[in-house]
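Peer 1: I am attaching a structure below and will ask some questions about it afterwards.
The values are calculated or read from the model by the stated rules, or taken from the named source; none is laboratory data. Since we're looking at a predicted model, the values are computed, not measured. With ideal geometry, Cβ positions are generated from the backbone for all residues, glycine too; neighbour counts draw on all protein chains shown. Surface areas here come from the heavy atoms of the whole protein model, side chains and all, with no ligands, DNA or RNA. Shrake-Rupley method; radii C 1.70, N 1.55, O 1.52, S 1.80 Å.
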Amino acid sequence: MNKVIQVEGLTKMFGDFTAVDAITFDVKKGEIFGFLGANGAGKTTAMKMLIGISNPTSGKATVAGFDVYTHAEDIKKNIGYMSQKFALYDDLTVKENITFFGGIYGLSRKRIKEKSEALIKELGLEKVASQLVGSLPLGWKQKLSFSVALIHDPKIVFLDEPTGGVDPITRRQFWEMIYKAANQGTTVFVTTHYMDEAEYCDRVSIMVNGKIEALDTPKKLKEQFQAESMNDVFLKLARSPSPALPKGKGVNVGENYNNGTKSSPLGS
Amino acid sequence: MGISISNISKSYKNVKALQDISFDVKPNELFGLIGPDGAGKTTLFRILTTLLFPDQGTATVAGFDVVGDYKEIRKNVGYMPGRFSLYQDLTVEENLNFFATIFGTTIDENYDLIKDIYVQIEPFKDRRAGKLSGGMKQKLALSCALIHKPKVLFLDEPTTGVDPVSRKEFWEMLKRLQQKGITILVSTPYMDEAALCDRVALIQDGRILQIDTPEAIVKHYPKPIYNVGSNNMYQLIISLKDYEFNHSVYPFGEFVHYTDSRTDFNPKELRHYLESKNLIDIEIEQTEATIEDTFMELAK
């Protein structure tokens, strides 16, 4: 099974608002897949359907070989998930967190012990293994929580803005961990607002107003949009009026911005 | 009417949040405080907006002392905290009215200052603040921080978690506010935003690493820096890290930024080494340092 995520025409509606509008894509085994889009474009809603916690309105999707409608529980067992907002319990120690998540995923005590020791050693956390996670610097927490998301050797790991606010050195160490996991065959599905991180992905999709408007390797996207960087690609593509604003006004607002400044400061 | 900070220190229990911080923000300057979470940015903002006493040192904002003249400072500054802190169960218009009234003014009196920003959320003026999208909340918070026409504006991570399009728009708003004569101190964890400030202070672990214009910070990077590319990013990073002469190896988009520990570095040698590691499509080209390179070099 080479394709670990297969999505076809996947749609989610809230009342008459279409949050995710018939998206179609595949993700291959061992691929690092960047899932980008502006705030409110529908990324989180799409991700919730893929990890089995929100039922689609229509369309098809299988994740790790399981159908999102009928086998959501199997999906949860076979994926890892980490988000910036919730990752670990601050009032449990490093070891307790590892044991807790190992237990949740049904690992045996022996296996948890092995995993725990290996993981603490690999991350260099020996000295703080018995400290509360809440007392650790953010960067350490994020690296630990990524490792914990991989504790049950999932086929796919979903990372929702894993590096927000993290210092630049730790952010790069984090990406080295991602490369390593992908190199060992784990599929990585990641969202980020750092456009340099989009360049680290094998392929990138960009969502605009519920639809996937672009999907390719960073290199090909840059060629396609005649852009120097993924940041430029993103600005060209996602720079549509906010979906929450009435269309006429939104367009006017955009034009005022362009007249009000000499050049695009972030684009250079 | 700027900000002057002298030898400010602040500790919480055994954490040194700020250690002997000194710098000035000139009147009408757009000054950036650049650093990751936990660097001490919010602590400094809270001291400057009179919400927290420093353990040591002094500071003035718009000419007023942050301890002695706290009432004057509160009248003269606008503060947008990192966490959304308006009244969720008041509407957009009610929030704005509330803040105007507290500061003894009206929406009409200073409308020209917030007009550009407020028109974007005005269609939703009867919606409760708690029901707004992230981008709209941010615009309302900025409108409320500006409604009393402050001399100095403090913005604590206004763009964290915001997508690149909205970030760009937010910075364009800041530039226009600066043109209206307001002094702005803004913090951000996004290093690329440093280039949009007049001057920046790089901060980590409660210490200032460097203060200068973004151009000067980049220019003072101590070593020649190279873009290295190949067919396999992961193997490339591992190989470069194993290379005995490496000084720093950091992935940067599609390339790795590499600096060498020797003064007589020859790119050809590195190419041979990478070829010996079975990498192909090797590219090695000198490039310009970025603010992030400088930050990482200083924070090493």
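Peer 1: Let me make sure I get this right: for the range A:67-179, a, b and c are the square roots of the gyration tensor eigenvalues over alpha carbons, sorted descending. Under 1.5 in a/c it's rounded, otherwise prolate if a/b > b/c, else oblate. Which is it?
Peer 2: oblate
Peer 1: Another question, if that's okay. Per-residue mean of other chain beta-carbon atoms within 10 angstrom of the beta-carbon, peptide B:247-258? Could you put the intermediate results ahead of the total?
Peer 2: Working: counts 0, 1, 2, 7, 10, 5, 10, 9, 1, 1, 1, 0.
Mean number of neighbouring Cβ atoms from other chains: 4.
Peer 1: How crowded by other chains is A:169-175, given as the mean number of beta carbons from other chains within 10 Å of each beta carbon?
Peer 2: Values: counts 10, 2, 7, 9, 2, 0, 5.
The shielding value for this peptide is 5.
Peer 1: Next question, about the same structure. Give me the accessible area of B:R262, 1.4 Å probe, in Å² rounded to the nearest 10.
Peer 2: 50 Å²
Peer 1: If you rank A:Y200, B:Y111 by how much accessible surface each has, with a 1.4 Å probe, what is the order from largest down? Show your work: numbers first, answer last.
Peer 2: Numbers: A:Y200 10, B:Y111 55 Å².
From most accessible down to least: B:Y111, A:Y200.
Peer 1: Output wanted: per-residue J couplings in Hz (rounded whole) for the range A:47-64, from phi through Karplus 6.51 cos²θ - 1.76 cosθ + 1.60, θ = phi - 60°, x for Gly and Pro.
Peer 2: Coupling constants for the range A:47-64: 5, 4, 5, 5, 8, x, 10, 9, 7, x, 7, 7, x, 10, 7, 10, 10, 6 Hz.
Peer 1: Per DSSP helix of 4 or more residues, -39500 (n - 2.57); summed, then divided by the residues of chain B. What does that give at 222 nm, rounded to the nearest 500?
Peer 2: Numbers: 10 runs with 98 residues, N = 300.
My calculation for chain B gives -9500 deg cm²/dmol from helical runs alone.
Peer 1: State the Cα centre-to-centre distance between the range A:58-89 and the range B:162-176 in whole Å.
Peer 2: If we compute the Cα centre of each part, the gap is 34 Å.
Peer 1: Note down the magnitude of the dipole of the protein assembly as shown about its Cα centre, charges +1 on Lys and Arg C-beta and -1 on Asp and Glu C-beta and zero elsewhere, to the nearest 20 debye. Numbers along the way, then the final one.
Peer 2: Values: 68 positive and 72 negative charges, 247 e Å.
Result for the protein assembly as shown is approximately 1180 debye, rounded to the nearest 20.
Peer 1: Round to the nearest 10 and give me the degree value, 0 to 90, for the angle of helix A:94-104's Cα axis relative to the longest principal axis of chain A.
Peer 2: Between helix and principal axis, roughly 80 degrees.
Peer 1: While we're on this one: How many Cβ atoms of partner chains, on average, are near each residue of B:195-206 if near means within 10 Å of its Cβ?
Peer 2: Details: counts 3, 3, 0, 0, 0, 0, 0, 0, 0, 3, 2, 0.
Partner-chain Cβ atoms within 10 Å, mean over residues of B:195-206: 1.
Peer 1: Keeping all protein chains in place, calculate the accessible area per residue for the range B:182-268 (probe 1.4 angstrom), answer in Å².
Peer 2: Values: 3410 Å² over 87 residues.
On a per-residue basis, 39 Å².
Peer 1: Can you tell me the dipole magnitude for chain A around its Cα centre, using point charges on the Cβ only (Lys, Arg +1; Asp, Glu -1), in Debye to the nearest 20? List each step's numbers first, then the result.
Peer 2: Values: 34 positive and 30 negative charges, 59 e Å.
It comes to approximately 280 debye.
Peer 1: Could you compute the net charge surrounding A:S145? Neighbours are other residues with a C-beta less than 13 Å from the C-beta of A:S145; K and R count +1, D and E count -1.
Peer 2: Numbers: positive: A:K85, A:K141, A:K143; negative: A:D90, A:D160, A:E161.
My count for the surroundings of A:S145 gives 0.
Peer 1: Counting only heavy atoms of the protein chains, get the accessible area per residue of the range A:87-153 (1.4 Å probe) and round it to a whole Å² value.
Peer 2: Values: 3680 Å² over 67 residues.
Ligands and nucleic acids excluded, the figure is 55 Å² per residue.
Peer 1: Gap in Å between the Cα centre of the range A:188-202 and the Cα centre of the range A:7-47?
Peer 2: First find each Cα centre; the distance between them is then 15 Å.
Peer 1: Counting only DSSP beta bridges with both residues in the protein assembly as shown, tell me the antiparallel percent, nearest 5.
Peer 2: Details: 55 of 91 bridges.
About 60 percent, rounded to the nearest 5.
Peer 1: Below 16 Å, Cα to Cα, which aspartates and glutamates can B:K219 reach? Residues fewer than 8 away in the same chain don't count.
Peer 2: Qualifying aspartates and glutamates at Cα under 16 Å: B:D192, B:D198, B:E288, B:E292, B:D293, B:E297.
Peer 1: Assigning unit charges at the beta carbon (Lys, Arg +1; Asp, Glu -1) and nothing else, what dipole magnitude in debye, to the nearest 20, does chain B show about its Cα centre? Mind dumping the intermediate values first?
Peer 2: Working: 34 positive and 42 negative charges, 199 e Å.
Dipole magnitude for chain B comes out near 960 debye.
Peer 1: Determine the percent antiparallel among the DSSP beta bridges restricted to chain A, to the nearest 5. Kindly include the intermediate steps, with their values, before the conclusion.
Peer 2: Values: 21 of 39 bridges.
Taking every DSSP beta bridge with both residues in chain A, the antiparallel ones total about 55 percent.
Peer 1: When you count, for each residue, the other Cβ atoms within 10 Å and take the mean per peptide, how do B:49-56, B:136-143, B:280-287 rank with the highest first?
Peer 2: Numbers: B:49-56: 16.0, B:136-143: 23.5, B:280-287: 12.1.
Ranking, from highest mean packing down: B:136-143, B:49-56, B:280-287.
Peer 1: Among the lysines, which have Cα under 20 Å from the Cα of A:K110 when same-chain residues fewer than 8 positions away are ignored?
Peer 2: Cross-link targets: A:K77, A:K95, A:K121.
Peer 1: Which residue, B:P222, B:G206, B:I102, has the largest displacement toward the positive end of the dipole of chain B when charges sit on each Cβ (Lys, Arg +1; Asp, Glu -1)?
Peer 2: Of the options given, the answer is B:I102.
Peer 1: Any idea what the relative contact order of the range A:78-157 is, in percent, if you count C-alpha pairs under 8 Å spaced at least 6 apart? Present the calculation step by step, with values, prior to reporting the outcome.
Peer 2: Values: 78 pairs, mean separation 43.2, N = 80.
For the range A:78-157, the relative contact order is 54 percent.
Peer 1: Same structure again: Can you work out ³J(HN,Hα) from phi for every residue in the range A:16-28, in order, using Karplus 6.51 cos²θ - 1.76 cosθ + 1.60 and θ = phi - 60°, giving whole Hz and x for Gly and Pro?
Peer 2: Those phi angles translate into 9, 9, 8, 6, 10, 10, 6, 8, 9, 6, 10, 10, 8 Hz.
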